[in-house]
Amino acid sequence: MIRISITASRLLATTGIVMSLSACASIPAAGPSTRIVDQAAGRTAIANANIKVIDVTDTVTRDILAANRQTLFSESLGEGRPVGSVVGKGDVLDIAIWEAPPAALFGAIGGGSQITPSVADSISTAHASSLPEQMVDSDGQISVPFAGRIQADGRTLEQIAQDVDKRLAGKAHQPQTIVRVVRNAASNVTVVGDVANSAHVPLTARGERVLDVLASAGGVKQPVGKMTVQITRDAKVTSLPLETVIRDPRQNVRLQPDDVMTVLFQPFSFTALGASSRNEEVPFEATGLTLAQALGRVAGLQDARADVKGVFIFRMEDPAALSPEERANAKVTPDGRVPVIYRINMKDPATLFIAQSFPIRNKDVLYVSNAPLADIQKFLNVIFSTVLPVASTAAIVAAQ
């Protein structure tokens, strides 16, 4: 009996040691520990580039916000001016010329009309002649009888009318010209993207704005909060969330001829992993999201698992957002980004204020590591789940 008891004890001890060693190497985990992440700087795991590990501070947050600040439409495009009355190549114009009596120069041209002045006036009937409609040619000019070729492209209707009157001075009797646009071919805005109807929207003297043109295209097909408006003017491209344009009237700027307005559906998202209460991909609006809001959307941290000093943001960062010291020795990826791990210490109360400004970017990974005691607890659970059955078996054997 003593010999069996000694054998069982040895078996129990040997089994415990073996299982302890194997358990150390196979403890379940959702990702790297805080210590391993802190040691990531200097490694070459991502595209042979050093990974930057940066503590999130007020200064770091301000640098990121400054580097990623969106340029407003009011700053890059300006308020603009109504341009619907400016004539361009391809526009079709109607020209009417009025002459005081005796109207002889254009009297033979068809389509005329007459106006009889009031009794107080002692002048005779005035005569108006409407010329055939004509298109502004590739040289930007039109032809007016007895006035010759008139420059029309880039000029207002009043300027064209005044030029015709000057050319007819001395040929027609007190000529007065009225010019109007019959068909607009030059002053248009192109609207494409996630709108109900892509279209060429003509601009008028009213001075159509961003939301006017968007309404003319039938509005957007996706939720407003997930839409971005991009305006291309010459070589300049500026983007803003549609919700910003709606909330801030200053961004509802007037559009100019040949502007291209692209309405984009951009379902931004970040991924939450580790000891957060929810592990999933979380969508957010085009207007942006802060770290505090991101933590709220994943229901915060797991009290029983999370290391409050081990909250991290994994991001492919724009080098312009880094400090000169960090940027000096940074190695960028082929797409011009720097692998950065932002480290957040949620145990510091000041961090909660910083988190209200720190921006979350599209495709960010929010990772919360396990607390060291949580790993120890899991280790002990593994030991007890394997050793106790062996101990029970040994006790049964010893009792026989």
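Rule-based calculations on the coordinates, nothing more; no lab input. As the structure is a computational prediction, the values presented were derived from the model and not from experiment. Cβ coordinates were reconstructed from backbone atoms using ideal geometry, including for glycine residues, and neighbour counts include every protein chain displayed.
Please find the FRET efficiency linking residue 337 to residue 304, where r is the Cβ-Cβ separation and R0 is fixed at 41 Å, and quote it to the nearest 0.05. Walk me through the intermediate numbers first.
On the way: r = 35 Å, r/R0 = 0.87.
Efficiency for this residue pair is about 0.70.
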- Nonlocal amide H pairs with residue 85, under 5 Å, H built at 1.01 Å: 205
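Among 64, 178, rank each residue by its count of other Cβ atoms within 10 Å, from fewest to most, as a rough exposure measure. It would help to have the intermediate numbers written out before the result.
Numbers: 64 24, 178 15.
Ranking 64, 178 by Cβ neighbours within 10 Å, fewest first, gives 178, 64.
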- Message: Taking amide H atoms as placed 1.01 Å from N in the peptide plane, list the residues 5 or more away in sequence, or in a different chain, whose amide H sits under 5 Å from that of residue 186.
- Response: 88, 91
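If you add up the charges near residue 346, with Lys and Arg at +1 and Asp and Glu at -1, over every other residue whose beta carbon is less than 14 angstrom from its beta carbon, what do you get? Present the calculation step by step, with values, prior to reporting the outcome.
Working: positive: 305, 309, 343, 347; negative: 55, 303, 307, 348.
Spelling it out: positives minus negatives among the neighbours equals 0.
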- Exposure proxy check on 99, 280, 243: fewest-to-most Cβ neighbours within 10 Å is 280, 243, 99
- Paramagnetic label zone (point 7 Å from Cα along Cα-to-C-beta, residue 260; backbone N under 13 Å) in region 231-246: 231-238
- Message: Tell me the Rg and the Dmax, in Å, that the Cα atoms of region 217-354 produce.
- Response: 19.1, 61
- Whole-Hz ³J(HN,Hα) from phi, Karplus 6.51 cos²θ - 1.76 cosθ + 1.60, for region 328-342, glycine and proline x: 5, 10, 7, 9, 8, 6, x, 8, x, 10, 10, x, 10, 10, 8
- Item | Burial ordering of 250, 209, fewest other beta-carbon atoms within 10 Å first | 250, 209
- Task: Taking the Cβ of residue 63 as the centre, find all other residues whose Cβ is under 12 Å away and add up their charges (Lys, Arg: +1; Asp, Glu: -1).
- Result: -2
- Message: Could you compute the net charge surrounding residue 326? Neighbours are other residues with a C-beta less than 15 Å from the C-beta of residue 326; K and R count +1, D and E count -1.
- Response: +2
